[in-house]
Amino acid sequence: MKKIMYVMLIMVLVTGGLFAQGTKESGGMVSTDGSTSMEKVIGALGEQFMADNPGVTFTYNPTGSGSGITAVSEGRCDIGLSSRALKDAEKAQGLKETVLAYDGIAIIVNNDNPVSNLSLDQIAKMYTGQITNWKEVGGKDAPIVLIGREAGSGTRDGFESITNTKDKNKYRQELTSTGDVIATVGRNTDAIGYASLASVKATVKAVTVGGVVPSEKTVKDGSYVVQRPFMLVTKTGTPLSATAQKFFDYITSAKASSIISASGVVSAN
Amino acid sequence: MKQSKSLKRTVERVIQTIFLLLGLATVGSVLLITVYIIISGIPAIREIGLVDFLFGKKWASTATPPSYGILPFILTSVYGTGGAILLGVPVGFLTAVYLSKVAPKRVKEIVSEAVSLLAGIPSVVYGLVGMLVLVPAIRSVFGVPDGASLLAAIIVLSVMILPSIVKVSITALDAVPEEYEQASLALGATKMETWFRVSVPAAKSGIAAAIVLGVGRAIGEAMAVMMVSGNVPNMPELFQSVRFLTTAVASEMSYSSGLQRQALFSIALVLYLFILLINAVFNMLLKGGKKQ
């Protein structure tokens, strides 16, 4: 009998706890949701914001650009994060974009690949299957293995719109994360892939595009052409909560630009 | 005296209600998922057309205009599962016969432990090992440009289904009455003849159930195959990059929107129907086994 009482007491407490969490007030909280490519930069900004404003909670949900945009339009987060420009249909739903930063997309090959420079045109031809062997671009005689991202990925969208290869890509592999792309290219000497410049490590080689080294400087002055915007997505008409507005103002101010640069992307403000 | 009896009855009733509620929670989850997946899976099929959806050979969900044909995924799932069964069942079945009939008690304990451990390994670990070891190995052994392929997925799946095949088969073989085997031996049959002509046929419905269970596990696996199969919606070929029903849903879900998202739910519905079918077969086999 006593045991049962305990069990019931525990059950009441647990359910009580669940409801308490569910109804928690969102005052002093900023929630962001979206692009996995923006994890590094938004994480650093969130940490700094929390340090500057004690008691404020910052959350980031790494779901992807599409999900982030949906989340903000459904009111499930304050600020949506997108690594592509909004589509017209999304703007028509009453969403507004603000550029936070520019991200360079690095074209990566295996460290043992002798090719170190490609033109944008060559990259486009490789990905659409017009160039299929490395020797055609000055490498050894080996088939080119094209590694890409899944449909809907912000990086893929950015890459395809810059190289103008939308719907024409002949991918050998479509992987679901930047890390997978880097790992796969690092393991296959004939592979080529693309990944956010900020996440490229020494395990792979980023080629120069048209002779321009991908770097913060070349992305900022526009000479490195494979780049895309990092967007903050908000609802027009619905004002942000005071805390969220403060966060928005902070990250788009000049004060935040050093933190943005430190995470490997180029600040827009 | 009377009062305490009625108190006992009340307590009994309260406990029964609690148990009933807990039981209903399980049933409720199944119902909720079924209803949800049907409701969210139907609209896209209506819009695309059942025949175009099921038998369309091209999947290009973000292209303009998009095409939503899932035949490549269905065939890949069927071939992938079939291949895994072809590789995994002989190994699993013979392992089970060995462990149940031949192995000394100590060996049986150790190997059973290892099999259980294999069952407990998270699928992402299978995927990781597959991605970093198996895929490069296939590339160098077969001389193909890239190792991420249907073959890699089949090999990973065949290892993943081993535990369910081995364990269920052992249970079935252990349950064969000892008298059958003794009678066979007494009639002059060798041990080998006894195991394969008497024990295995006697346990056949259980072994068949083990295989169906393996099919269910293989067709539902997403994480591990996603990491080794390349995920391009090609028609299945052994050394080609392919996409399964499960990975079609998993790889695009996070970024999807509109009809693309609805179509993913429809794929999930198709997958769900496959699983229901497999479960029905499984139950039939188990019932058939009991009748005998």
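Two decimals is fine: what is log10 I(q)/I(0) at q = 0.12 Å⁻¹ for the protein assembly as shown, from a Debye sum with one equal scatterer on every Cα and no solvent? Summing over Cα pairs of the protein assembly as shown leads to -1.24.
Computed from point charges on the beta carbon alone (+1 for Lys and Arg, -1 for Asp and Glu), the dipole magnitude for chain A about its Cα centre is near 340 Debye. For the peptide A:182-188, the mean number of other protein chain Cβ atoms found within 10 angstrom of a residue's Cβ is 4.
Of all DSSP-defined beta bridges confined to chain A, some 60% are antiparallel rather than parallel. For chain A, the longest principal axis of the C-alpha atoms and the axis of helix A:39-52 are separated by about 40°. Segment B:65-188 gives an Rg/Rh value of 1.13, both radii derived from C-alpha positions and Rh following Kirkwood. Of the cross-linked pairs A:LYS91/B:LYS57; B:LYS105/B:LYS167; A:LYS201/B:LYS57; A:LYS168/A:LYS220; A:LYS91/B:LYS58; A:LYS201/B:LYS58, those separated by over 27 Å at the C-alpha level are A:LYS91/B:LYS57; A:LYS201/B:LYS57; A:LYS168/A:LYS220; A:LYS91/B:LYS58; A:LYS201/B:LYS58.
Taken residue by residue and averaged, Cβ atoms of other chains lying within 10 Å of the Cβ of B:259-266 number 1. The accessible area of B:ILE161, taken with all protein chains in place and a 1.4 Å probe, comes to roughly 0 Å². A straight Cα-to-Cα reach below 28 Å connects B:LYS5 with the lysines A:LYS2, A:LYS3, residues fewer than 8 places away in its own chain not being considered.
Per residue, the solvent-accessible area of segment B:2-55 (1.4 Å probe, heavy atoms of protein chains only, all protein chains present) comes to 83 Å². For chain A, a Gaussian network of Cα nodes joined below 10 Å ranks A:SER37, A:SER73, A:SER119 by mean-square fluctuation, and the top entry is A:SER119. For segment B:1-73, what percent of Cα pairs sit more than 22 Å apart? Tail fraction, whole percent: 56. The alpha carbons of segment B:71-291 occupy a box of 68, 40, 27 Å along the principal axes, longest dimension given first. Here A:ASP121 sits with roughly 90 square angstrom of accessible surface, probe radius 1.4 Å. For the peptide B:225-233, the mean number of other protein chain Cβ atoms found within 10 angstrom of a residue's Cβ is 5. Taken about its Cα centre, segment B:2-55 carries a charge dipole of about 800 debye when Lys and Arg each add +1 at the Cβ and Asp and Glu each add -1 at the Cβ. Note on chain A: with neighbouring protein chains present and a 1.4 Å probe, carbon and sulfur make up 56 percent of its accessible heavy-atom surface.
Of the peptides A:253-265, B:219-231, B:256-268, the order by per-residue mean of other Cβ atoms within 10 Å, starting with the highest, comes out as B:219-231, B:256-268, A:253-265.
For chain A, averaging the sequence separation of C-alpha pairs within contact (under 8 Å, six or more residues apart) and dividing by the residue count gives a relative contact order of 27 percent. The residues of segment B:199-289 expose, per residue, 35 Å² of accessible area to a 1.4 Å probe. In percent, rounded to a whole number, the relative contact order of chain B is 25, using alpha-carbon pairs under 8 Å and six or more apart. Name the residues of segment B:140-156 whose accessible area falls by at least 10 Å² when all protein chains are present instead of the chain alone, probe 1.4 Å? When all protein chains are present, B:PRO145, B:ASP146, B:ALA148 each give up 10 Å² or more of accessible surface. Heavy atoms of chains A and B lose about 2500 Å² of accessible surface on contact, summed over both sides with a 1.4 Å probe.
For A:TYR60, the residues whose modelled amide H falls within less than 5 Å of its own, excluding neighbours fewer than 5 places apart on the same chain, are A:THR32.
Across segment A:112-166, the relative contact order, built from alpha-carbon pairs under 8 Å that are at least six residues apart, equals 32 percent. Only Lys, Arg, Asp and Glu carry charge here, each on its Cβ (+1 for the first two, -1 for the last two); on that basis the protein assembly as shown has a dipole of about 1640 debye about its Cα centre.
Look at the dipole of chain A built from charges on Cβ: of A:PHE58, A:THR218, A:SER161, the Cα furthest out on the positive end belongs to A:PHE58. Classification of segment A:158-231 by its C-alpha gyration tensor yields an oblate form. The axis ratio a/c (a ≥ b ≥ c) is 1.5 or more, and b/c is at least a/b. State the antiparallel share, in %, of DSSP beta bridges confined to segment A:88-210, rounding to the nearest 5. Given both bridge residues lie in segment A:88-210, the antiparallel proportion sits at roughly 55 percent.
Report the antiparallel proportion of the DSSP beta bridges in the protein assembly as shown as a percent, rounded to a multiple of 5.
Here the antiparallel bridges make up roughly 60 percent for the protein assembly as shown.
The values are calculated or read from the model by the stated rules, or taken from the named source; none is laboratory data. Fair warning: this is a prediction, and the values are worked out from it, not measured in the lab. Glycine gets a Cβ as well: all are built from the backbone with ideal geometry, and neighbour counts include every protein chain shown. The protein model used for the area step is the full one, side chains on, heavy atoms only, and it has no ligands, DNA or RNA in it. Shrake-Rupley method; radii C 1.70, N 1.55, O 1.52, S 1.80 Å.
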